[in-house]
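Taken together, the values in this text are just the output of simple stated rules run on the coordinates, not laboratory data. All of these numbers come straight from a predicted model, not from anything done at the bench. Using ideal geometry, Cβ is built from the backbone for each residue, glycine included, and neighbour counts are taken over all protein chains shown.
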Ligand SMILES: Cc1cc2nc3c(=O)[nH]c(=O)nc-3n(C[C@H](O)[C@H](O)[C@H](O)COP(=O)(O)O)c2cc1C
């Protein structure tokens, strides 16, 4: 018989999703994450769905300060450029946000997409599907980590080529995510960008469409 879940179990999953947060450097604490828990997070990634069961992912575990510093340099470069993209009122608010935890998190994980040399079932017309599969793996990691009371922060204000260089990634691989992983002093109850009024929560009614947009 196939596995059946009860409502309490479904509620736990919902709570893990509800209380998952993006964690930045101001929340990480100086406490190593045990290897067996890192392994649980990686095993969760490997359970993710992938187009054509291609499993097109690779995970680089980074705790070397020299590698972290190279990535941080790239963040600093890109973050300076990023500020200028926002309106003058928003630039001050942007500057006040902490948007990474590269050094503070004891572990960083670079998540890479490695394209298949052969055609992949399901990816023949929508060629981005391999990358979306890697994102499914990342969400699994984020949720598993939260269930273990471990925080993850996703840093995307980076030059992907610089990150590839820092970890000697193969030429054809692509950086999908750079994750900062570690224990936290606390998990915020709500997204920080919501409570700081950077971005409002959208209404459910606007987001769900029946049959046709018009
Ligand atoms: C694809 C992706 C990229 C992100 N990149 C960054 C980033 O570069 N820096 C950052 O501080 N947060 C980043 N975030 C986190 C979002 O800001 C965060 O998920 C959002 O504000 C909602 O907050 P929550 O994750 O705590 O619910 C990223 C999230 C996603 C899904």
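Points worth noting:
- Each of 181, 135, 60 was scored by other Cβ atoms within 10 Å of its Cβ. Arranged with the fewest first, they read 135, 60, 181.
- Gain in span if fully extended, residue 15 to residue 87, counting 0.36 nm per residue against the direct Cα distance: 22.3 nm
- GNM flexibility winner over the chain from 124, 195, 114 (Cα, springs under 10 Å): 124
- For the chain, modelled as a GNM whose springs connect Cα atoms under 10 angstrom apart, the maximal fluctuation among 153, 52, 182 occurs at 52.
- Computed lengthening from residue 98 to residue 185, 0.36 nm per intervening residue step minus Cα-Cα distance: 29.8 nm
- Per-residue Cβ neighbour rank within 10 angstrom, fewest leading, 50, 10: 10, 50
- Residue with peak Gaussian network fluctuation, the chain [Cα springs, cutoff 10 Å], from 17, 126, 144: 126
- With distances taken between every two different alpha-carbon atoms, segment 81-120 has a Kirkwood hydrodynamic radius of 13.9 Å.
- With the convex hull constructed from alpha-carbon coordinates only, segment 22-184 shows a mean projected area of 10.3 nm² over all directions.
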